[in-house]
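Here is the structure we will look at.
The values are calculated or read from the model by the stated rules, or taken from the named source; none is laboratory data. Values in this document were obtained by computation on a predicted structure and should not be read as measured data. So basically every Cβ, Gly included, is an ideal-geometry build from the backbone, and we count neighbours across all protein chains shown. Heads up: the accessible areas ignore ligands, DNA and RNA and are worked out on the full protein's heavy atoms, side chains in. Shrake-Rupley method; radii C 1.70, N 1.55, O 1.52, S 1.80 Å.
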Amino acid sequence: MIDELSIIIPTLNEENHLPKLLKSITEQNFKGNLQVTVVDGKSEDKTVALAEKFTNIIPGLEILQTKRNIGYQCNRGAEKAKYDLLLFLDADVILPKNCLSSLSPKINSNKRFIASVFHQSSDNNLIDNIFVCVAFGLFFIAKVIGSPVVPGDFILTTKENHKKIGGFREGAVLGEDIDYCLRSYRSGAKYHLYLGTRILGSPRRARKIGRLKLLITWIRSFLYVRKHGPIYDKNFLKYSYTRN
């Protein structure tokens with residue numbers, strides 16, 4: 001059961017998406033306590049200014065500015081967490097109104113775990129939703145071979161687990177989410193993929209990079225990270241959505 005949750009949102013130039021996520025958080029029918037921390041990597045647009053407009057709407061909303069790196073930003077946000085459950089979100093997702101409340105009864109907060117939920121395209125495009133289903137099919141294959149992964153845009157875990165594995169690998173440019181899940185699972189954390197709860201994810205990566213190319217990039221990243229750990233070389237796969 002979830003009754004307290006610390007939400008951590010790393011951002012970089014997300015003026016077009018972060019307000020939608022923050023608005024969706026204000027509309028949750030979740031009855032517990034929420035702490036929201038936006039950790040910005042020195043955005044060059046209006047991300048921070050737009051986030052500040054929610055400080056009077058979301059009680060306790062905190063905005064941090066740090067150096068630019070997804071793992072580093074997530075770790076700084078986790079350090080600020082006052083609750084035992086952590087939820088790492090990308091800025092370009094939207095939470096349906098019942099997202100957190102539907103998760104609440106499924107979670108045993110006394111056990112160390114790592115979890116994610118089903119995704120749906122934010123504009124409900126059929127081709128994008130088929131792409132998502134294919135991606136989740138790959139997640140099931142990864143679980144079968146003993147190397148489960150969670151998509152980095154929605155990672156639910158415990159503060160205990162985060163500390164036990166030493167948090168995210170800082171400095172990585174790709175695969176830090178895959179590595180985080182694998183190290184959690186290998187250290188004894190339970191793995192959950194809740195298909196009955198969904199979030200709305202942006203299809204911008206698939207549309208910009210190309211769906212097939214993005215799938216191949218994800219598969220190559222998974223295979224590399226599974227054996228070697230996260231990727232630190234920006235030129236290794238030339239992925240345009242690295243945040244360093």
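Results, tabulated for the structure shown:
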read-out: Mean-position separation - Cα centroids, segment 1-31 and segment 184-240, in angstrom; value: 21
read-out: Segment Lys163-Lys53, length gained on full extension (0.36 nm per residue, minus Cα span); value: 36.4 nm
read-out: Low-density loop positions, GluC sites (Glu not before Pro), segment 30-85 - DSSP coil, at most 12 other Cβ in 10 Å; value: Glu44
read-out: Tensor-based shape of segment 1-82 (alpha-carbon gyration tensor, a/c under 1.5 rounded, otherwise prolate or oblate); value: oblate
read-out: Residues of type lysines that Lys143 reaches as a straight line, Cα spacing below 26 Å, ignoring anything fewer than 8 places off in the same chain; value: Lys106, Lys111, Lys159, Lys163, Lys164, Lys190, Lys213, Lys227
read-out: Hydrodynamic radius of segment 113-244 per Kirkwood, over alpha carbon pairs, in Å; value: 15.2
read-out: Heavy-atom accessible surface of segment 72-121: percent carbon and sulfur, 1.4 Å; value: 43
read-out: Shape category assigned to segment 110-158 from the gyration tensor of Cα positions, a/c cut at 1.5; value: oblate
read-out: Dimensions (Å) - segment 36-142, Cα atoms, principal axes, largest first; value: 37, 37, 27
read-out: Summed residue charge, Cβ within 13 Å of Phe222's Cβ, Lys/Arg positive, Asp/Glu negative; value: +1
read-out: GNM result for the chain, Cα springs below 10 Å: residue of Pro105, Pro230, Pro148 fluctuating most strongly; value: Pro105
read-out: Ratio of the Cα radius of gyration of segment 1-41 to 2.2 N^0.38 Å, where N counts its residues; value: 1.26
read-out: At least 24 Å along the helix axis (C-alpha) and Kyte average at least -1.0, DSSP helices within the chain; value: 126-144, 211-228
read-out: Estimated [θ] at 222 nm from DSSP helical runs (n ≥ 4, -39500 (n - 2.57)) normalised by residues in the chain, nearest 500; value: -11000 deg cm²/dmol
